[in-house]
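Presented below is the structure to which this report refers.
The values are calculated or read from the model by the stated rules, or taken from the named source; none is laboratory data. Just so we're clear, the structure is a prediction, and the values are computed from it rather than from any experiment. All Cβ positions, glycine included, derive from the backbone under ideal geometry; neighbour counts span all protein chains shown. For the accessible areas, the whole protein counts, side chains as well, though only heavy atoms, and no ligand, DNA or RNA atoms are used. Shrake-Rupley method; radii C 1.70, N 1.55, O 1.52, S 1.80 Å.
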Amino acid sequence: MSDIASPPNTRLDIKDLRVVVALASAGTTAQAASVLHLTQPAVSRALLLAEDKLGTRLFDRTHRGLVPTEAGRQLVAGASRLLVELGDLERCVLTPAAPP
């Protein structure tokens, strides 16, 4: 097992990625909370925690809602791809292989 590479240490986890993508899509913590089946305060805390983990602001708070910063746009784009790839991988693993 020594030939297996250890996974990289990351600051964010999948929950952080889902919250950021939902916020970018919904535009408000209340709407993102509805999509994620969480409370609005939980989504707000999750956003603050993700921003704290990265040490940068991911969204500007405006009177019209949340607008991704440049860092937020980069994270949303990458997170969206990762979440799609993870879903594809799970489906691939769970789908029985066709007999030869």
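For this structure, a couple of remarks:
- Filter pass, residue 84 being exposed (fewer than 12 other Cβ atoms within 10 Å of the Cβ), over 18 Å from residue 11 (Cα atoms), without any contact (Cβ under 8 Å) to a residue 60 or more places away in the chain and within 12 Å of the chain's Cα centre (by Cα): yes
- Residue 66 vs. criteria open to solvent by less than 100 Å² (accessible area, probe 1.4 Å) and under 13 Å from the mean Cα position of the chain (by Cα): no
- Members of the stretch 65-100 found to be modelled with pLDDT of 95 or more and β-branched (Val, Ile, Thr), listed by number: 67, 69, 76, 84
- At least 3 residues being of a type in the set (Val, Ile, Thr) is the threshold, and among the helices (runs of 4 or more DSSP H) wholly inside the stretch 1-98 those reaching it are 14-26, 70-94.
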